[in-house]
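Chemist: Take a look at this one; I'll ask things after.
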């Protein structure tokens, strides 16, 4: 007994350390590449700030009577930021990362602006990024629902009717070749003239972008059952409707979710673009526009990141729903 | 008694880019009620095509084919047969019970009837207790049994099986062959069974239809003298080997003629 007990304890110890090692390996496998890429991007960003902001850095230094080269302002005017940074490395580096209205604000400045816009403001304030984000998100979600419903309806038609297959698909493709920035103002003006304004025009622009991936994915998904699956339905004498509900629709679910993830990101872009031509006072698009009017680059970048985070959250949420649903359906990908 | 399935100078020609392909040429065959008929032959001999014609999944281009005195299409709508494919083809999003319910749902059985039939057919193929499992939780042999249960659930008189055990290993195949025979004895259904395997065809059938390719046609029809009771070791008996020999000869003759 005294012989075996330490052995058992040793074995347990090995097991535990083995698990820790495995956990650590899994952790570093997942985290290390991500951290490396983020660090590399931040490094490139900080580095880019130096030439991008060099002319302003050098100007401020000259005004403070620090020696800069070339000395004359008119000589400096035609020079690129990179050349200025090379000739005044100390001044350029010192002044690159804390300018107001920097041409390229440094990451920490954008982070501070994001922090101030989310945590630092009450959500009811029109300076709150959460409030602006919600304005955009509500239009995004409504447009996403419109686009998804339209996309599925068109796909069902295309799969079941040869006429629709021949006539709808080319137009759906053409619709996506028209720049959304050109068509968005027309949609808003036309809808305004018939008395529709507010969230709906933005949602329609969102839907215009998001229906397309849903059509393409669902056509493929609804056609994914193989010949044997369809023959089986035929031997039961199943109607088209029964074949649709019991075979085609369940088979298409993995394709649907792939499309929805693209669709929601497209919806967000649509909502932001929809906020630009109206001079809307609320929404991330409005923040972007206002930022560019007043040269508030930090505000532009903060709004950009807010939009990116919003899109990531939406896609992530769809991913969670996808895993849960397909898992329940025994179709884990 | 009139035959359950009757084919008279049945022809089927597919139009392909390389010209017409005679999948079936002048096929004449009668199948009586309760028979176990195997179709054996090399690829392209039309055995699967014939089964699909019976099922109304292909339309013959000539001759007549009746199932229970009806056209195959009418028979299909009358749910005269169950079809078992080479792959189990269970829907992954349905449980085993759910897969067996599928034809019952389509055919509009009552809820109580559906429950009863799922339980009964699962017992018939020896899968009691697996109703709530998903297909991926079952072995290949069990999946194929579930797909047979699905074909049996609505109690069709005819069971059409297209190489149902072709993808399984020989040990599993032997057991399923044995089970299929006992199932046939209990249910007294008419079986049409496509296979590549001579021992399988001889072991299972009361009638063996040997087919040959290009054009797909029947080269021999063998009525098996083996008794209905068939233990697995009947395959070592003299009669069994003689029939297997005749099947092999028929296959070889068909190949040489082509």
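Chemist: Can you name every residue in the range A:281-310 that is in contact (Cβ under 8 Å) with a residue 24 or more places away in the chain and farther than 18 Å from residue A:98 by Cα?
Modeler: A:281, A:282, A:283, A:284, A:285, A:286, A:287, A:303, A:305, A:306, A:307, A:310 - these are the residues of the range A:281-310 that are in contact (Cβ under 8 Å) with a residue 24 or more places away in the chain and farther than 18 Å from residue A:98 by Cα.
Chemist: Among the residues of the range A:240-250, which ones are within 9 Å of chain B (Cβ to nearest Cβ) and out of contact with any helix residue (DSSP H, G or I) (no Cβ under 8 Å at 6 or more places or on another chain)?
Modeler: A:250 - this is the single residue of the range A:240-250 that is within 9 Å of chain B (Cβ to nearest Cβ) and out of contact with any helix residue (DSSP H, G or I) (no Cβ under 8 Å at 6 or more places or on another chain).
Chemist: If I go through the range A:205-231 residue by residue, how many of them are touching a residue at least 12 places away in the same chain (Cβ under 8 Å), at the interface with chain B (Cβ under 10 Å from one of its Cβ atoms) and assigned to a helix (DSSP H, G or I)? If you could, list the steps in order and put the result at the bottom.
Modeler: Within the range A:205-231, the subset touching a residue at least 12 places away in the same chain (Cβ under 8 Å) is A:205-225, A:229-230.
From what is left, the residues that are at the interface with chain B (Cβ under 10 Å from one of its Cβ atoms) are A:225, A:229-230.
So of that shortlist, the ones also assigned to a helix (DSSP H, G or I) come out as A:229-230.
Of the residues in that region, 2 qualify.
Chemist: Among the residues of the range B:38-52, is there at least one that is under 17 Å from residue B:156 (Cβ atoms) and within 12 Å of chain A (Cβ to nearest Cβ)? Spell out the reasoning first.
Modeler: So in the range B:38-52, the residues under 17 Å from residue B:156 (Cβ atoms) come out as B:51-52.
After this cut, where a residue has to be within 12 Å of chain A (Cβ to nearest Cβ) as well, the list is B:51-52.
Checking the range B:38-52: at least one residue is under 17 Å from residue B:156 (Cβ atoms) and within 12 Å of chain A (Cβ to nearest Cβ).
Chemist: Given the criterion surrounded by fewer than 23 Cβ atoms within 10 Å (Cβ to Cβ), closer than 21 Å to residue B:81 by Cβ and in contact with a strand residue (DSSP E or B) (Cβ under 7 Å, 6 or more places away or on another chain), identify the matching residue among B:190, B:206, B:195.
Modeler: Details: B:190 fails: surrounded by fewer than 23 Cβ atoms within 10 Å (Cβ to Cβ); B:195 fails: surrounded by fewer than 23 Cβ atoms within 10 Å (Cβ to Cβ).
After applying the criteria, what remains is B:206.
Chemist: All but one of (1) more than 14 Å from chain B (Cβ to nearest Cβ); (2) surrounded by fewer than 17 Cβ atoms within 10 Å (Cβ to Cβ); (3) not in a loop (DSSP other than H, G, I, E, B) hold for residue A:281; state the number of the condition that does not hold.
Modeler: (3)
Chemist: Among (1) over 24 Å from residue B:246 (Cβ atoms); (2) more than 14 Å from every other protein chain (Cβ to nearest Cβ), there is one condition residue B:105 misses while meeting the rest; what is its number?
Modeler: If we test residue B:105 against (1) over 24 Å from residue B:246 (Cβ atoms); (2) more than 14 Å from every other protein chain (Cβ to nearest Cβ), just (2) comes out false.
Chemist: Filtering the range B:125-142 down to residues that are in a helix (DSSP H, G or I) and closer than 18 Å to residue B:183 by Cβ, which residue is farthest from the other protein chains (Cβ to nearest Cβ)?
Modeler: Looking only at the range B:125-142, we keep the residues that are in a helix (DSSP H, G or I), and these are B:135-137, B:140-142.
Right, trim to closer than 18 Å to residue B:183 by Cβ and you get B:141-142.
Values: B:141: 19, B:142: 15 Å.
Only one residue tops the list, namely B:141.
Chemist: What is the one condition in (1) more than 28 Å from residue B:53 (Cβ to Cβ); (2) touching a residue at least 24 places away in the same chain (Cβ under 8 Å); (3) surrounded by fewer than 17 Cβ atoms within 10 Å (Cβ to Cβ) that residue A:245 does not satisfy?
Modeler: Residue A:245 satisfies all of (1) more than 28 Å from residue B:53 (Cβ to Cβ); (2) touching a residue at least 24 places away in the same chain (Cβ under 8 Å); (3) surrounded by fewer than 17 Cβ atoms within 10 Å (Cβ to Cβ) except (2).
Chemist: Whether any residue in the range B:64-84 is modelled with pLDDT of 90 or more, under 30 Å from residue A:327 (Cβ atoms), in contact with a helix residue (DSSP H, G or I) (Cβ under 9 Å, 6 or more places away or on another chain) and crowded, with 22+ Cβ neighbours inside 10 Å is what I want to check.
Modeler: Yes - at least one qualifying residue is present in the range B:64-84.
Chemist: Criterion first (touching a residue at least 60 places away in the same chain (Cβ under 8 Å), in the same structural domain as residue A:219 (by TED's automatic domain parsing) and touching a helix residue (DSSP H, G or I) at 6+ places or on another chain (Cβ under 9 Å)) does residue A:181 satisfy it?
Modeler: Details: touching a residue at least 60 places away in the same chain (Cβ under 8 Å): yes; in the same structural domain as residue A:219 (by TED's automatic domain parsing): yes; touching a helix residue (DSSP H, G or I) at 6+ places or on another chain (Cβ under 9 Å): yes.
Here the answer is yes, as residue A:181 does meet what is asked.
Chemist: Determine, yes or no, whether residue B:82 is without any contact (Cβ under 8 Å) to a residue 24 or more places away in the chain and either within 14 Å of another protein chain (Cβ to nearest Cβ) or farther than 12 Å from residue B:152 by Cα (or both). It would help to see each step written out before you state the result.
Modeler: Numbers: without any contact (Cβ under 8 Å) to a residue 24 or more places away in the chain: no; either within 14 Å of another protein chain (Cβ to nearest Cβ) or farther than 12 Å from residue B:152 by Cα (or both): yes.
Against the criterion (without any contact (Cβ under 8 Å) to a residue 24 or more places away in the chain and either within 14 Å of another protein chain (Cβ to nearest Cβ) or farther than 12 Å from residue B:152 by Cα (or both)), residue B:82 does not qualify.
Chemist: Which condition number does residue B:96 fail, the rest of (1) out of contact with any strand residue (DSSP E or B) (no Cβ under 9 Å at 6 or more places or on another chain); (2) more than 13 Å from every other protein chain (Cβ to nearest Cβ); (3) more than 29 Å from residue B:214 (Cα to Cα) being met?
Modeler: With respect to (1) out of contact with any strand residue (DSSP E or B) (no Cβ under 9 Å at 6 or more places or on another chain); (2) more than 13 Å from every other protein chain (Cβ to nearest Cβ); (3) more than 29 Å from residue B:214 (Cα to Cα), residue B:96 is out only on (2).
Chemist: I would also like to ask the following. Which members of the range A:173-185 meet the condition of being surrounded by 12 or more Cβ atoms within 10 Å (Cβ to Cβ) and within 21 Å of residue A:142 (Cβ to Cβ)? It would help to see each step written out before you state the result.
Modeler: Within the range A:173-185, the first condition is being surrounded by 12 or more Cβ atoms within 10 Å (Cβ to Cβ), and the residues that meet it are A:173, A:175-176, A:180, A:183-185.
Residues satisfying the conditions are A:175, A:176, A:180, A:183, A:184, A:185.
Chemist: Among the numbered criteria (1) in a helix (DSSP H, G or I); (2) within 12 Å of chain A (Cβ to nearest Cβ); (3) buried (at least 17 other Cβ atoms within 10 Å of the Cβ), which one does residue B:117 miss?
Modeler: All conditions pass for residue B:117, except number (2).
Chemist: Can I ask one more? Do we have any residue at all in the range B:146-157 that's without any contact (Cβ under 8 Å) to a residue 60 or more places away in the chain, more than 19 Å from residue B:85 (Cβ to Cβ) and in a helix (DSSP H, G or I)?
Modeler: No, because not a single residue in the range B:146-157 is without any contact (Cβ under 8 Å) to a residue 60 or more places away in the chain, more than 19 Å from residue B:85 (Cβ to Cβ) and in a helix (DSSP H, G or I).
Chemist: Name the one entry in A:235, A:239 that is closer than 30 Å to residue B:100 by Cβ and touching a strand residue (DSSP E or B) at 6+ places or on another chain (Cβ under 6 Å). Write out each step before concluding.
Modeler: On the way: A:239 fails: touching a strand residue (DSSP E or B) at 6+ places or on another chain (Cβ under 6 Å).
Going through A:235, A:239 in turn, the sole match is A:235.
Chemist: Still on this structure, I have one more. Say whether the condition of being modelled with pLDDT of 85 or more, away from every other protein chain (no Cβ under 14 Å) and not in a helix (DSSP H, G or I) is met by at least one residue in the range B:166-187.
Modeler: no
Chemist: Same structure again: So residue A:149 clears everything in (1) in a helix (DSSP H, G or I); (2) surrounded by 14 or more Cβ atoms within 10 Å (Cβ to Cβ); (3) not assigned by TED's automatic domain parsing to the domain that holds residue A:48 except one condition, right? Which one?
Modeler: Tallying (1) in a helix (DSSP H, G or I); (2) surrounded by 14 or more Cβ atoms within 10 Å (Cβ to Cβ); (3) not assigned by TED's automatic domain parsing to the domain that holds residue A:48, residue A:149 fails exactly one: (2).
The values are calculated or read from the model by the stated rules, or taken from the named source; none is laboratory data. Fair warning: this is a prediction, and the values are worked out from it, not measured in the lab. Cβ: placed from backbone, ideal geometry, glycine included. Neighbour counts: every protein chain shown.
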